[in-house]
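Below: one structure, written as structure tokens.
The values are calculated or read from the model by the stated rules, or taken from the named source; none is laboratory data. It should be emphasised that the depicted structure is a prediction, and the values quoted were computed from it without experimental measurement. So basically every Cβ, Gly included, is an ideal-geometry build from the backbone, and we count neighbours across all protein chains shown.
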Amino acid sequence: MTAPLLAVDDLAKHFPVKTGFGRADTVLRAVDGVSFEIARGETLGLVGESGSGKTTVGRTLIRLLDATAGRATLQTTDGPLAMLDVHGEALRRMRRDVQMVFQDPYGSLNPRLTVGGILAEPLEIHSLCSRDETPARVAELLDRAGLDASYADSYPHEFSGGQRQRVGIARALAVEPSLIIADEPVSALDVSVQAQIINLMAELQERLGLSYLFISHDLSVVRHISDRIAVMYLGRIVEIGPRDAVCQEPRHPYTRSLLSAVPSPDPTARSDRVPLTGDMPDAADAPTGCPFHPRCPEVLPECAVTQQALWPAGGPHAVACHVATDAYDTP
């Protein structure tokens, strides 16, 4: 059996919450035991409300944040790599295999560099081509991202939001990664531009064999691009499985609520909205038992006492919910 490109096991990222006296009185569990795999050429959509911990997962894997616990293994040409343990030169080499596309394309691009300079920088850092070859490589990257080569002499502020995000994608492609972590890459864009960027990412994936961890709060976008979907709530994955299984037969009440909030293109369609009461709890003061139980419309007495682990819900589909797992035998 072929090993997955990325295997994440029990990833955790906790932040100490200090009082005015400088003592760490409590811990904010932003990510609390997340596990998943991504195969070569696959897109895993990671979806949830703001504050669910999905962005922290991406930033911890790319090593912008240090993990509190857990393991993440990446298959590289040199063999398996423990992503959370590498430092220095090994970390720099790892970033040839894993790149990130950020939510704000303007904030993630150096305003003092031209687009050509932005794209040439990773080529120089990783010694991927000579100085004479760089202009041709920059032009190739711009073409892959759907931009004209003449844009190399322009600065980020001269572009629209969609064009800036294309530059961000081109920069990620410069080092020829196998995995791209895309953190809300289209949330700041107009709907028509969102579709263009999503289609571009899908085309690049097919052409280059890329794998994506696609992070978003918008389940309609995630459903369009993903092969599998993982739903996060308060630092944990509450449902994961193939796209069609999660979207057509959601097992967790939270997933059903997210799906019901997706607007229908048919104005005459009947709305079956599943409303939630209240807001997501503070991760520094999470409720006992299932963290979703204070907002759950189907809550059971045991939900307030124990937190259900992910259980199989048919094939590769899994759910962490007492209500859902009542229908299945104990594994």
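Odds and ends about this structure:
- The range 142-178 - residue that is charged (D, E, K, R), buried (at least 20 other Cβ atoms within 10 Å of the Cβ) and in contact (Cβ under 8 Å) with a residue 40 or more places away in the chain and, of those, farthest from Ser211 (Cα to Cα): Arg164
- Identity of the residue in the range 263-303, among the acidic types (Asp, Glu) and under 25 Å from Arg223 (Cα atoms), that ends up modelled with the highest pLDDT: Glu298
- Looking only at the range 191-214, and only at residues there that are over 11 Å from Thr43 (Cβ atoms) and among the hydrophobic types (A, V, I, L, M, F, W, C), the one that is surrounded by the most Cβ atoms within 10 Å (Cβ to Cβ): Ile197
- Sole exception among (1) outside any helix (DSSP H, G or I); (2) at pLDDT 90 or above for Met201, by number: (1)
- Residue ID - surrounded by the most Cβ atoms within 10 Å (Cβ to Cβ), chosen from residues in the range 179-190 that are closer than 21 Å to Ser52 by Cα and not hydrophobic (A, V, I, L, M, F, W, C): Pro185
- Looking across Ala174, Ala152, one residue alone is assigned by TED's automatic domain parsing to the domain that holds Arg95, of a type in the set (Gly, Ala, Ser) and in contact with an Asp or Glu (Cβ under 9 Å, 6 or more places away or on another chain). It is Ala174.
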